[in-house]
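> My questions will all concern the structure given below.
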Amino acid sequence: MKFSRQTTLRSQATVTGVGVHSGLPVSLTIGPAPANAGFIFVRTGLDEADREVPAVAASVTATDFQTVLGDREGPLVSTSEHILAALRGMGVDNATIEVDGPEVPIMDGSAAAFVAAIDQAGIVTQSASRRFIQILKPVQVALGDSFGELRPHAGGFRVEVEIDFTTSAIGRQSYCLDLSPESFRREVSRARTFGFMSDTARLWGAGFALGASFENSVVFDEDRLLNPEGLRYSDECVRHKVLDAIGDLTLAGLPLLGAYRSVRPGHKLNHAVLTALLADRSAWRVVEAETARRSRGHVEAGVGLAGGLIAPAYGPDVS
């Protein structure tokens, strides 16, 4: 395996579940795609022909509680962030993502099932050189009391997130991740989405969280955790926000070389920062792997930028 080459999936793998917001059953199948294709959602199960939508920032149609992708005719696939995070986090560059319903299945609320599907499908190297978006100068966005920034960073892709909730069950948490397949699998892939019982009626009334349950969400009631099995990480909430950020920023279309810092983030902020970056052509450039490697000095083959940013992990986590 050469870390400087693009990757795709060796074969297909399928997962089935329900949509956390729609509550509807859905099946998702990941599979190979040509070099330079990126991630392409294929919406099946429609009355008309299947429709495709590229996983890029321009395809985003909504960011309320989820990231929704669509085209001129309207939304096609919602809750795209977890599968995109898994693909990017595990070092996949090109893949098709077939979904037979309006929403990606929530599974257990994390990206763990999608990582398992990637392991099942396998990862293969393609002939084309891997390309990146290298951030050249800081780009910042503030939305109310939330703040996000993308800035240059010499060590691959880093995500720094801080959250602050009044409930003592969460409180203030921060987490920093230097992305690699190993760190993604170990540190954030199993972090589940979370919410509050006090918000349930409002969300249901707005048509959200119709499929949420203790099987796919971490649920808090004031200062109490309600899930009988407890947390997977002591700071699971902030780690899930890191997971969401990785997925949302995958919509850059190429892996990022830079650092993302956010305070009180959400899908709306993640998308706003990415949109601001892409709108400023002086803030970024596209580079191939060899150029990126030379700009950082020597990186040993098989290790990759950021100690494995783009070196796929193939085996299950045994730790």
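> Under the condition of being open to solvent by less than 40 Å² (accessible area, probe 1.4 Å) and not in a strand (DSSP E or B), which residue from segment 8-21 is nearest to E215 (Cα to Cα)?
We begin by selecting, within segment 8-21, every residue open to solvent by less than 40 Å² (accessible area, probe 1.4 Å); these are 8-9, 13, 15, 17, 19-21.
From the residues that got through so far, the ones that are not in a strand (DSSP E or B) too are 19-21.
Details: G19: 12, V20: 11, H21: 14 Å.
Among those residues, the one meeting the criterion is V20.
> Looking at segment 114-162 only, could you name the residues that are of a type in the set (G, A, S) and open to solvent by less than 30 Å² (accessible area, probe 1.4 Å)? Don't jump to the end; show me each part of the working.
Looking only at segment 114-162, we keep the residues that are of a type in the set (G, A, S), and these are 116-117, 121-122, 127-129, 142, 144, 146, 148, 154-156.
Residues satisfying the conditions are A117, A121, G122, A128, S146, G148, G155, G156.
> Out of (1) within 23 Å of V263 (Cβ to Cβ); (2) open to solvent by less than 50 Å² (accessible area, probe 1.4 Å), what's the single condition that is false for L231?
Against the list (1) within 23 Å of V263 (Cβ to Cβ); (2) open to solvent by less than 50 Å² (accessible area, probe 1.4 Å), L231 comes up short only on (2).
> Could you list, in sequence order, the residues of segment 62-79 that are of a type in the set (G, A, S) and open to solvent by less than 20 Å² (accessible area, probe 1.4 Å)?
Restricting attention to segment 62-79, the residues satisfying the condition of being of a type in the set (G, A, S) are 62, 70, 74, 78.
Matches in segment 62-79: G70, G74, S78.
Residue-by-condition table, conditions (1) farther than 29 Å from R239 by Cβ; (2) out of contact with any Leu (no Cβ under 8 Å at 6 or more places or on another chain):
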site: A49; (1), (2): yes, yes
site: V60; (1), (2): no, no
site: A86; (1), (2): no, yes
site: V99; (1), (2): no, no
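> Tell me which residues, restricted to segment 133-162, are outside any strand (DSSP E or B) and farther than 24 Å from F220 by Cβ.
Filtering segment 133-162 down to residues outside any strand (DSSP E or B) leaves 136-138, 144-145, 152-156.
Answer for segment 133-162, where residues must be outside any strand (DSSP E or B) and farther than 24 Å from F220 by Cβ: L136, K137, P138, P152, H153, A154, G155, G156.
> Which numbered condition in (1) in contact with an Asp or Glu (Cβ under 6 Å, 6 or more places away or on another chain); (2) within 26 Å of S213 (Cβ to Cβ); (3) buried (at least 17 other Cβ atoms within 10 Å of the Cβ) is the only one that S110 fails?
Unmet condition: (1).
> Another one. Which one of F208, F214 is at pLDDT below 95, open to solvent by 60 Å² or more (accessible area, probe 1.4 Å) and assigned to a loop (DSSP other than H, G, I, E, B)?
Sole residue among the options that is at pLDDT below 95, open to solvent by 60 Å² or more (accessible area, probe 1.4 Å) and assigned to a loop (DSSP other than H, G, I, E, B): F214.
> Right, here's the next one. Identify, please: which residue in segment 163-188 is in a loop (DSSP other than H, G, I, E, B) and not hydroxyl-bearing (S, T, Y) and is, among those, most open to solvent (accessible area, probe 1.4 Å)?
So the residue we want is F165.
> Same structure again: Quick check, is I310 modelled with pLDDT of 95 or more, closer than 22 Å to G89 by Cα and among the β-branched types (V, I, T)?
No; evaluated as a whole, the condition is false for this residue.
> With respect to the numbered conditions (1) closer than 25 Å to R5 by Cα; (2) in contact with a strand residue (DSSP E or B) (Cβ under 6 Å, 6 or more places away or on another chain), which one is the sole condition not fulfilled by G70?
Every condition holds for G70 apart from (1).
> Then there's this: Which of the strands (runs of 3 or more DSSP E) found entirely inside segment 26-103 contain at least 3 residues meeting this: in contact (Cβ under 8 Å) with a residue 40 or more places away in the chain and out of contact with any Phe, Trp or Tyr (no Cβ under 9 Å at 6 or more places or on another chain)?
39-43
> Are there any pairs, at least 6 apart or on different chains, whose C-beta atoms fall under 7 Å, with the first in segment 111-127 and within 10 Å of H82 (Cα to Cα) and touching a residue at least 40 places away in the same chain (Cβ under 8 Å) and the second open to solvent by less than 10 Å² (accessible area, probe 1.4 Å) and of a type in the set (V, I, T), and if so, which?
F114/I83
> Also, I was wondering about something else. V238 fails exactly one of the following numbered conditions: (1) open to solvent by less than 20 Å² (accessible area, probe 1.4 Å); (2) not in a helix (DSSP H, G or I). What is the number of that condition?
The number of the failed condition is (2).
The values are calculated or read from the model by the stated rules, or taken from the named source; none is laboratory data. Just so it is clear, the structure is predicted and the values come from calculations on it, not from any experiment. Cβ: placed from backbone, ideal geometry, glycine included. Neighbour counts: every protein chain shown. Please note that ligands, DNA and RNA were not included when accessible areas were found on the heavy atoms of the full protein model with its side chains. Shrake-Rupley method; radii C 1.70, N 1.55, O 1.52, S 1.80 Å.
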